[in-house]
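Contents: one structure, followed by commentary.
The values are calculated or read from the model by the stated rules, or taken from the named source; none is laboratory data. Predicted model, so just to flag it, every value in this text is computed and none were measured. No Cβ is skipped: glycine too gets one built from the backbone with ideal geometry, and neighbour counts run over all protein chains shown. To get the accessible areas, we keep the full protein, side chains included, count just its heavy atoms, and leave off ligands, DNA and RNA. Shrake-Rupley method; radii C 1.70, N 1.55, O 1.52, S 1.80 Å.
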Amino acid sequence: MQHTANGNSQIPLLDLHAQYDSIREEIRAALDEVLKTQHFILGPNVVSLEKEIADYCGRRFAVGVASGTDALTLSLCAAGIRPGDEVLVPAFSFIATADSISSLGATPVFVDIQPETFCIDPEKLRAKVGPRTRAIVPVHLYGQSADVDAIVAFAQAHGLKVIEDNAQAIGATYHGKRTGGLGDFGCLSFFPSKNLGGYGDGGMILTDSEEAADRLRALRSHGSVKKYVSREQGWNSRLDELQAAILRVKLRHLDRWCVARRNNATRYDSRLAKVSGVVRPTVAGWGEHVFHQYTIRLERRDAVQEFLANEGIASAVYYPVPLHLQPIYLHLAYRPGDLPECERAASEVLSLPIYPELTDAQIERIADSIARALR
Ligand SMILES: *Cc1c(COP(=O)(O)O)cnc(C)c1O
């Protein structure tokens, strides 16, 4: 373990070593099994994982793909998004939420967020919908569901599809139902740092429509419905068998990890309650937060982050540049001030370590360092 100049150990943002130590034997056995079969693409582990995740999220069908970004792109395609269409998205998210839309020749239309939940503000949809709008992509940011009922009601009134970006929130609930099981499509990412992360890239799409699931299975394999017969433009985007075997092991531990993350959030809450100048995360009344991130707001965010770094404590800014002000979308001609809550969040947020193996003593040290930074 690495130490700072004053002898304190470093606290990383995420410690995947600690997680691997606790599941090493199970993972190795699962990998050995795949290596024995030498079946690497669309094998039995992918089929089983699809079934297990569909069940976990309360959906009829699941289709494994190569990444969370591809899950979004293929879902948008299956939802009928074509060049020239518009899709409503929050401007406070990872770039993949929007570039999956623009990669299809469609236009992301950026919507402001609710300051308390950091998720798309349903009240702001009306002003952004137009004759070319076809879909809404709500993001369950940091592990908490967006206000889906209001979004779905709006979508139904305007004939729009709802594609959930559930990359950060597997296991979260909304009025008793799991996220990813709420819209027309639910998209998951298995990027290693996600709450259910593989040892490489991976993703999955959830849906209740058999027709959509069939189309997605074709889209992930060059648009072929039959081997070597392609019906439409597709992709080579599969979840591979080794990742699926790893993810099946990790899925068995996911609920336990979600509980540990929530407990860590409670510990932070009680320690940070006494620190003035810190705005703690809000848990909306509609469901369970799985704390992919524990994200606070601070006015002097950059100075606090630097102070923590000097104390050996890692933290991160997700995300420093809102999507409407990204260089890739310069041609869409948004200006600073257009989406004030997204811009304020980008300048105030700081995500602290929250991984399941984090100890109470580490949380105490982090909270204490924040208090000293603000003094
Ligand atoms: C991680 C993430 C994605 C993309 O997932 P990849 O697997 O990295 O392609 C999309 N949206 C959000 C909100 C994410 O956090």
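Residue by residue through the stretch 168-194, note down the ones that are within 15 Å of the ligand (Cβ to nearest atom) and open to solvent by 20 Å² or more (accessible area, probe 1.4 Å).
PHE191, PRO192, SER193, LYS194
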- [ ] Take the stretch 158-195 and flag every residue that is more than 10 Å from the chain's Cα centre (by Cα) and of a type in the set (A, V, I, L, M).
- [x] LEU160, VAL162, ILE163, ALA172, LEU182
Task: Among (1) over 16 Å from PHE190 (Cα atoms); (2) aliphatic (A, V, I, L, M); (3) in the same structural domain as ALA245 (by TED's automatic domain parsing), the one test that LEU13 misses - done: (3)
TODO: Name the single residue, out of those in the stretch 222-235 being touching a Lys or Arg at 6+ places or on another chain (Cβ under 8 Å) and farther than 18 Å from LEU104 by Cβ, that is most open to solvent (accessible area, probe 1.4 Å).
DONE: VAL225
Open item on the list: Which of the numbered conditions does VAL139 fail, given that it passes all the others? Conditions: (1) within 13 Å of the ligand (Cβ to nearest atom); (2) in contact (Cβ under 8 Å) with a residue 60 or more places away in the chain.
Closed with: (2)
- [ ] From (1) without any contact (Cβ under 8 Å) to a residue 60 or more places away in the chain; (2) assigned to a loop (DSSP other than H, G, I, E, B); (3) among the hydroxyl-bearing types (Ser, Thr, Tyr), pick out the condition that doesn't hold for TYR319.
- [x] (1)
Task: Test result for ALA135, open to solvent by less than 10 Å² (accessible area, probe 1.4 Å), part of a strand (DSSP E or B), over 26 Å from SER48 (Cα atoms) and among the small types (Gly, Ala, Ser) - done: yes
TODO: Quick one: in the stretch 195-212, of everything that is charged (D, E, K, R) and more than 10 Å from the ligand (Cβ to nearest atom), which residue is least open to solvent (accessible area, probe 1.4 Å)?
DONE: ASP208
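Among the listed residues ALA66, ALA78, ALA98, ALA62, which satisfies the condition of being touching a residue at least 40 places away in the same chain (Cβ under 8 Å), in contact with a strand residue (DSSP E or B) (Cβ under 6 Å, 6 or more places away or on another chain) and more than 30 Å from PRO340 (Cβ to Cβ)?
Exactly one of ALA66, ALA78, ALA98, ALA62 is touching a residue at least 40 places away in the same chain (Cβ under 8 Å), in contact with a strand residue (DSSP E or B) (Cβ under 6 Å, 6 or more places away or on another chain) and more than 30 Å from PRO340 (Cβ to Cβ), namely ALA62.
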Open item on the list: Any residue at all in the stretch 79-96 that's buried (at least 22 other Cβ atoms within 10 Å of the Cβ) and of a type in the set (Ser, Thr, Tyr)?
Closed with: yes
TODO: Among residues belonging to the stretch 153-167 that are more than 17 Å from GLU288 (Cα to Cα) and hydrophobic (A, V, I, L, M, F, W, C), point out the one that is surrounded by the most Cβ atoms within 10 Å (Cβ to Cβ).
DONE: ILE163
